[in-house]
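The values are calculated or read from the model by the stated rules, or taken from the named source; none is laboratory data. Please read these numbers as outputs of a predicted model, since none were measured by experiment. Note that we place each Cβ from the backbone using ideal geometry, even for glycine, and neighbour counts take in every protein chain shown. When the accessible area is computed, the model is the full protein with side chains, heavy atoms only, and any ligands, DNA or RNA have been set aside. Shrake-Rupley method; radii C 1.70, N 1.55, O 1.52, S 1.80 Å.
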Amino acid sequence: MNARTYKWQRYLAYWIAGACWLVGPSAVLAIGARKALPPAKPSLSDATARIKSLPNGFEVDQNDRSVRVTATLEGVFRIQMAPSPTIAPNPSWAVVAEPPAKIQVTIQNNGNALSFVSGGSSIKVDLPTLAITVLDPAGRVITQDEPSRLPEFHGAAFRVFKSMPQSEHFFALGDKAGPTDHRDEAFTLWNTDAYHWQEATDPLYKSIPFFLAMHDGISYGIFLDDTWRSSFDFGKEARNYYSFGAEGGQLDYYIITGNQPKDIVRRFTELTGRPAMPPRWALGYQQSRWSYYPESRVREVADTLRRKKIPADVIYLDIDYQDRDRPFTVDRTHYPNFEQMITDLRAQHFHTVAITDLHIANAPKGEYSTFDSGLAGDHFIHNPDGSVYVGSVWPGPSSFPEFTQASSRAWWGSQYADFYVRDKIGGFWNDMNEPSVFNVATKTMPLTVLHRIDEPGWPKRTATHAEIHNVMGMLNSRGTYEGLLKLQPNQRPFVLTRASYAGGQRYAATWTGDNSATWNHLRIGTHQLINLGLSGFAFAGNDIGGYAGSPSMDLLTRWFEIGAFAPIDRDHAERGSLDKEPWVGGPEHEAIRRHYIEERYRLIPYIYTLAEQANREGIPLMRPLFLEFPLGRRDGAPMDATVDNQYMFGPALMIAPPPFPEVQDGYDIFFPENTSWFDYWTGYRVTLQRSPDDPSSPPLLHHQHPALDDLPVYVRAGSVLARQPLTQSTDEVPSGPLELRVYLPEPDTRYELPHTNTDDRCEGSLYTDDGESLNFQHGDFYRASVICTRTTQQFTVSISAAEGHYTPWWKELDVAVLGLDKKPSEILLNGKPVSADVISFENGNGVLHVRFPASRSACTLTVQQ
C-alpha cells in the first residue's frame, strides 16, 4: 500500500467518525463492534519516500511533494516544502547571511519518521504524511501540524494548518490594531497606506510575518519568510487549529523554540538581525508636524522649547521644506537660509530629521537632477512593456527607485550627500514607502509592474510587484541606511520608516503610521508598540496626540505621559489640525507634559542601557508583562491575555495607564505572582491584595479615580535603576552624580528576577558610550553590572569593574537604597567606614543616599542594619 492509498483511507476514516458522531454514540458502538481497527501506518520499506541526509537536517520526497527540514540556529528549525520532487533555492531579504553550516545534527530514523534534536527541542517528520511535530526536552508538544488538514497547495498559493490548544495565545505580527493577544482574530499582511486607520482596519503599513505563541508554559515562534500577500488566522475559522499562508512564493518557514519567551525573541532577531543601535539623541523627545513652515516657524518652535525649558533633541521637517514636494530639494522661497537654519538648530542642541519619500518627480530633462541621474543610471521600476512606471504621489507624476537592485540602492543612498555631509542633517524619514500611489483604488502600483532583482550572491531575475510589494519599504530604508553609512562610515545613521518587512529593524526605527486623535488610539498604541517590539522593532513609537484630527487637551496630556515611557517619543500632527506642542492648552497642561518629558531625560541612562541590550540581544525596550514574567498568573497563563493596558519598560519599570483612559473611573492594576513592587513616584513599597471574586487572579492594587497628572509607574523590587540630573538635551553633560536607585527586595522572599531566582538578590546593569559613533563595536564603551544581596542583618551593593575603555561623564555615584525599615547602624565602602557627610537618610520612605567617587574598579557598599 503506498502513501497516497493510505492517505485516502485516513480521510475515509475521518468521514466515518464524523458520520457516527452525528447519528449518536449507540451507532458508534455498533460500527466499532463490526469494523476492524484502521491499518497501521506503512513502514518506510512500504513507502515511496526518498530521503537525503544533510549536515544539518534532511530532505524527503514523498510522491507529490517534498520537504526539507534543517537546523539553521540552535533551537531554530527551517521547513521548506513544495508540491514537486525538489526544493528550489529561496534567497531571503529578511534572514541575515547564514554562517557556514556549523550546526551538525544526528538524524534518527525509526522506519515511520525522521527526527533530530537542536537546542534541546526535537523535530519529527512523519514519512507517510510529511506531518511535522516539534517537541520540547520533556516530550511535550510545542507545535504540530493539524492531523485533519495537512499543508495545502492551490496553484501558486499554499496554506499551513497547526493544532491549537485552548490555552494558546498569539502575539507579535507587527503593528496590528486591536488587543495585544491575537487569539480568535485573522489578519492580512499587505503594506497599505491606511490613513485614518481604525481598530478594525487591516492590513496596515508593515508586513512582519512572525508571531510568538504561548500555551501551557511553552513558548515558540513561527516566521513565514514570504514577501507575497499573506494571511494569518488564529482560530477565527476553526476553534481547534490556526493557519497561515500566502498567495505565492515558496512554502518556507521557521519554527523557533526556547525555554522562555525572551529566548524566542532573541533567536528571531538573531535570525533576521538585531535592531540598529540609534544615536543617543534619538531617545530624547522629538518634535514634528506636517509641516513646520516656513523657516521662521521652525525657528520659533525650537526657540520656544528652549525658552520654556522643555527638554528636546529633534526637530522634524516634513515635505513642505522641499521644492514642489520633490525629495532631495529645498524650497528656497520659504526656507531661504536652509543650511544656516540647520547649523543654528545644532547650536541649540537640536538634531534635524528631514523627510525623503521614495517617489521621484518624473520631471522634464534638466529640471530635477535626482530624476535625471536615476533615469540615466536605469534605476527606476518598469512596466511590463519596458517603459518606466509612473504613478501620482505628492510631487505629481513620479517614478520609483528599483530598490531590488543593489546598484539602485547605492544610487539612492548617494543622493543624501549634500544633506548629510554638507548640511549636517541628523537623520532621515522614509514615508509613503508601502509604496503609496494616489488616485488608484489599490493605493499602490499595479501588481504587474516588474522589479529586476540584482543582488550579490543571488540569481538575477525579474519579479512582479505582487512579490516585491511587501519588502519595498524595507529595501527603501536599507538603501537610506547603507547610503548614510557609506557617506559617514563611523556615524550611526538614524532612519525612520513607515513600511517595512521582517528584518527591517536592521536599518530603521518605525512608527505606527497615521493614527487618530482619539482615546481609543491612545489605548491601541500600547498594544501596537508591544507587538512591534516582539517582532524585532525595538525602536518604535506612535504619533503623540494622534496624527489625524485634533485631540482634547486632556487626551494630549495623557498621551505625553505615556509617550515618555515609549521607545520613540515623538509628537506629530497633520496639516490643518490644531497645534499639539507641549505648551498648547495652558499652563496646567504644559506643566504636566514638561514633568513627564523631564522624567524621561532623568531616565536616559536606564533607557540607553535598554537600547544597547536591544542592539545586542534583540530584547525590546517596551515589553509585555509575560516577557519578564512568563508565568505571571497562578494558573500559568500569560497575564497579557486579560491585562493588556499594562506593560514593562525594560526589566524594572511597569507602566499601568487606565484601560479606558477617557473615563475617570478607578481601575485595578494587576501584578505578577511572587514579586514585590515600589511606587516610582513616591518610593514607597506597594501593598497588594487579591480580588475577593477571583482568588486565582494575580495580586492587585485598586487605583482610585486617577487625576490628570497621574500615570501609575511601579518599580520591581530587586531592580537597580540608573538616573541622571536633568538636562535640556542629550548633548548636555549632566551636572552632578549618577544616581543608582536600588530597590531592595524584602528579606527571606523569592523574586522572579532576570537571569536568576536566587533568594534575596537584586541586580541591574549600566551601559554608555559616546552616543553617536560606531566605536562601541570596537570596545569603546562602558559597561558595569550591579548586584545586591539582603539578609535580615545587612545588605550589600556590589558594582563590577568596568568593561570597555570609554570614560563616562559621571565623576561621582549616588547610591540610593529604597525599602529600608530603619536607619543603618554602619556603612562600609570596600570594607572601610563611610564618612557621615556623604550619607543621608529619609525616614519617611526609608531611602538611604550614599555618595562617593566613581571608579572603574569594582566596589562594594555594605550596610549594617
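In whole percent, how big is the carbon plus sulfur part of the accessible area of region 63-129, probe 1.4 Å, protein atoms only?
Its accessible area is 52 percent carbon and sulfur atoms.
Could you work out the relative contact order of region 432-570, using alpha carbon pairs under 8 angstrom and six or more residues apart, expressed as a whole percent? Intermediate values should be presented prior to the final figure.
Working: 208 pairs, mean separation 23.5, N = 139.
Reported as a whole number, the value is 17 percent.
Just want the answer: with Cβ charges of +1 for Lys and Arg and -1 for Asp and Glu, which residue in LEU317, HIS334, HIS351 is farthest toward the dipole's positive end in region 304-355?
My answer, from the dipole projection, is HIS351.
Between the alpha-carbon centers of region 397-464 and region 230-294, tell me the distance in whole angstrom.
Taking the Cα centre of region 230-294 as reference, the centre of region 397-464 is 22 Å away.
Lys/Arg Cβ at +1, Asp/Glu Cβ at -1, dipole of region 113-247 taken about the Cα centre: which of PHE116, HIS154, PHE187 is farthest positive-ward?
Looking along the dipole axis, the top candidate is PHE116.
Please go through the residue pairs LYS206/LYS262; LYS308/LYS811; LYS206/LYS424; LYS102/LYS162 and name each one whose alpha carbons sit more than 27 Å apart in this structure. Could the numbers behind the result be given before it?
Details: LYS206/LYS262 23 Å; LYS308/LYS811 29 Å; LYS206/LYS424 30 Å; LYS102/LYS162 30 Å.
Exceeds cut-off: LYS308/LYS811; LYS206/LYS424; LYS102/LYS162.
Which far-off residues, 5 or more places away or on another chain, put their amide H under 5 Å from the one on VAL314, with H placed in the peptide plane?
For VAL314, whose amide H was placed from the backbone, the distant partners under 5 Å are GLN287, HIS351.
Once you order the gyration tensor axes a ≥ b ≥ c over the Cα atoms, which shape class does region 399-528 get: rounded for a/c under 1.5, otherwise prolate or oblate by comparing a/b with b/c? Walk me through the intermediate numbers first.
Values: a/c = 1.89, a/b = 1.10, b/c = 1.72.
It comes out oblate by the Cα gyration axes.
Go ahead and run the numbers for FRET between ASP665 and ASN337, Cβ-Cβ distance against an R0 of 51 Å, rounding to 0.05. Before the final figure, lay out each step's value.
Numbers: r = 52 Å, r/R0 = 1.02.
Using R0 = 51 Å, I get an efficiency of 0.45.
Can you give me the accessible area per residue for region 423-485, using a 1.4 Å probe, in Å²?
Values: 2150 Å² over 63 residues.
Heavy-atom SASA per residue in region 423-485 reads 34 Å².
Roughly how many debye, to the nearest 20, is the charge dipole of region 154-281 about its Cα centre, given +1 on each Lys and Arg Cβ, -1 on each Asp and Glu Cβ, and no other charges?
Details: 13 positive and 17 negative charges, 74 e Å.
The calculated dipole for region 154-281 is roughly 360 debye.
In straight Cα distance, which lysines are under 22 Å from LYS309, not counting same-chain residues fewer than 8 positions off?
LYS580
Quick one: which residues, 5+ away or cross-chain, put their amide H under 5 Å from the amide H of ALA717? H built at 1.01 Å from N.
Amide H neighbours of ALA717, under 5 Å, 5+ apart: SER676, TRP677, PHE678.
Quick one: what are the phi-derived ³J(HN,Hα) couplings along region 198-214, Karplus 6.51/-1.76/1.60 with θ = phi - 60°, whole Hz, x for glycine and proline?
Karplus-based 3J(HN,Hα) across region 198-214 equals 10, 4, 8, 5, 7, x, 10, 7, 10, 10, 10, x, 10, 9, 10, 10, 9 Hz.
Using a probe of 1.4 angstrom, how much of the accessible area of region 288-441 is carbon and sulfur, in percent? Let's see the in-between values first.
On the way: 2800 of 5420 Å².
Using a 1.4 Å probe with all protein chains present, region 288-441 comes out at 52 percent carbon and sulfur.
Just need the relative contact order of the chain here, percent rounded to a whole number, with Cα pairs under 8 Å and 6+ apart. Let's see the in-between values first.
Details: 2064 pairs, mean separation 79.5, N = 865.
Relative contact order, the chain: 9 percent.
Please compute the per residue accessible area over region 622-733 with all protein chains in place, 1.4 Å probe, rounded to a whole number of Å².
Details: 3940 Å² over 112 residues.
On a per-residue basis, 35 Å².
Percent of Cα-Cα pairs more than 22 Å apart in region 47-175, please.
Working: 3312 of 8256 pairs.
Here the tail beyond 22 Å accounts for 40 percent of pairs.
Taking amide H positions as placed in the peptide plane 1.01 Å from N, state which residues far from ILE453 in sequence (5 or more) or on other chains have amide H under 5 Å from it.
Residues meeting the amide H criterion: ARG461, THR462, ALA463.
Under the definition of Cα pairs under 8 Å and six or more residues apart, what whole-number percent is the relative contact order of region 241-381?
On the way: 133 pairs, mean separation 25.5, N = 141.
Relative contact order here is 18 percent.
Go through region 424-433 residue by residue and turn each phi into a ³J(HN,Hα) via Karplus (6.51, -1.76, 1.60, θ = phi - 60°); whole Hz please, and just put x for glycine and proline.
3J(HN,Hα) across region 424-433, in whole Hz: 6, 5, x, x, 9, 10, 9, 10, 6, 9.
Which value in deg cm²/dmol, rounded to the nearest 500, describes the helix-derived mean residue ellipticity at 222 nm for the chain, given -39,500 (n - 2.57) per DSSP H run of n ≥ 4 and division by the residue count? Before the final figure, lay out the partial values.
Details: 13 runs with 167 residues, N = 865.
Result for the chain: -6000 deg cm²/dmol, rounded to the nearest 500.
Let's see if you can work this out: charge +1 on each Lys and Arg Cβ, -1 on each Asp and Glu Cβ, no other charges. What is the dipole magnitude of the chain about its Cα centre, in debye to the nearest 20? Provide the component values of the computation, followed by the final result.
Working: 80 positive and 101 negative charges, 415 e Å.
Roughly 2000 debye for the chain.
Please work out the Cα center distance from region 543-604 to region 473-487, rounded to the nearest Å.
30 Å
Across region 581-597, in residue order, what do the Karplus-derived ³J(HN,Hα) couplings come to in whole Hz, using 6.51 cos²θ - 1.76 cosθ + 1.60 with θ = phi - 60° and x for Gly and Pro?
Once rounded to whole Hz, the list reads 5, x, 8, 6, x, x, x, 5, 5, 4, 5, 5, 5, 4, 4, 6, 5.
Among 421-428, 614-621, how do they line up by average Cβ neighbours within 10 Å per residue, starting with the highest? Intermediate values should be presented prior to the final figure.
On the way: 421-428: 19.1, 614-621: 22.6.
Sorting 421-428, 614-621 by mean packing, highest first, produces 614-621, 421-428.
What does the accessible area per residue of region 46-126 come to in Å², with a 1.4 Å probe and no ligands, DNA or RNA counted? Please report the intermediate quantities before stating the final value.
Details: 3580 Å² over 81 residues.
Accessible surface, normalised per residue, equals 44 Å².
Work out how much length THR687 to ARG461 would gain on full extension: take 0.36 nm times their residue separation and subtract the Cα-Cα distance, in nm to one decimal. Intermediate values should be presented prior to the final figure.
Details: separation 226, 0.36 × 226 = 81.36 nm, distance 6.43 nm.
Here the segment from THR687 to ARG461 would lengthen by 74.9 nm.
Taking K and R as +1 and D and E as -1, what net charge do the other residues with C-beta under 14 Å from the C-beta of ASP303 add up to?
Working: positive: ARG297, ARG299, ARG306, ARG307, LYS308, LYS309; negative: GLU295, GLU300, ASP344, GLU581.
Value of the local net charge: +2.
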